[in-house]
Amino acid sequence: MDVVVHVEAPVSRVWELVADIGLPARLSPELQRVAWLDGADRPVVGARFEGFNQHRLIGEWRTVSHVTEADEQRVFAWAVTDADGRFGEATLDPARCAASWRYELEAEATGTRLRQTVRVGPGNSGVTEVIARQPDHEEQILEFRLQELRAAMESTLQGIKALAEANDPLD
């Protein structure tokens, strides 16, 4: 699933915001806080960061994300792993991620076309846990989760757009 927004700001400004892993925690109802791991401080392939999440139906959990793509001012992508085994077997393997996320930036007219994409799976996640408890409601659970994700992505992109267009400082 993806969401796209036009931001009336240069790609370099939008990249500053997208590359700030702490910003989505200010804009998202689920992601509470993040921190770079292993001495990393910016998106580079192989860098890792942990995220702390909270959802009213499944509680709190921690993830470890692995940067899988980092092409400055173009692409920032990461795979989210269930490092603590909150939703099944613990893993730090990006190939078994709970979800993968991606921002793509492209110059467009007088601004930037910003796309955010999410792919759930192939590893276990909170959705897996809820479906396991109610297998006959799988379709409704998936539809509900996708609606939540779309709303959160739209909120995040609108927040990035507002900050970029106002040219506010990142703090």
- Item | Test: residue in region 98-106 that is crowded, with 20+ Cβ neighbours inside 10 Å, of a type in the set (Ser, Thr, Tyr) and under 13 Å from the mean Cα position of the chain (by Cα) | yes
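Results for (1) modelled with pLDDT under 95; (2) part of a helix (DSSP H, G or I), shown as yes or no for each residue.
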residue: ARG26; (1), (2): yes, yes
residue: ASP41; (1), (2): yes, no
residue: GLU50; (1), (2): no, no
residue: GLN73; (1), (2): no, no
residue: ALA79; (1), (2): no, no
residue: GLU89; (1), (2): yes, no
residue: TRP101; (1), (2): no, no
residue: GLU106; (1), (2): no, no
residue: ALA132; (1), (2): yes, yes
- Would you check which residues across region 34-70 are in contact with a strand residue (DSSP E or B) (Cβ under 9 Å, 6 or more places away or on another chain), surrounded by fewer than 14 Cβ atoms within 10 Å (Cβ to Cβ) and of a type in the set (Asp, Glu) and list them? ASP38, GLU60
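Suppose the filter is modelled with pLDDT under 95 and of a type outside the set (S, T, N, Q); does GLU165 pass it?
Numbers: modelled with pLDDT under 95: no; of a type outside the set (S, T, N, Q): yes.
When the stated conditions are applied, GLU165 does not pass them.
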- Message: Take the conditions part of a helix (DSSP H, G or I) and more than 25 Å from GLU89 (Cβ to Cβ) and apply them to GLN140. Does it pass?
- Response: yes
- Search region 1-24 for residues being in contact with a helix residue (DSSP H, G or I) (Cβ under 6 Å, 6 or more places away or on another chain) and part of a strand (DSSP E or B), and hand back the single one that is nearest to ALA79 (Cα to Cα). VAL3
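Does ASP84 fit the bill of being over 18 Å from GLY22 (Cβ atoms), free of Cβ contacts under 8 Å to residues at least 60 places away in the same chain and either out of contact with any Leu (no Cβ under 9 Å at 6 or more places or on another chain) or surrounded by fewer than 18 Cβ atoms within 10 Å (Cβ to Cβ) (or both)?
Yes: the conditions hold for ASP84.
The values are calculated or read from the model by the stated rules, or taken from the named source; none is laboratory data. Here the structure is a predicted model, which is why all the values come from computation and not from measurement. All Cβ positions, glycine included, derive from the backbone under ideal geometry; neighbour counts span all protein chains shown.
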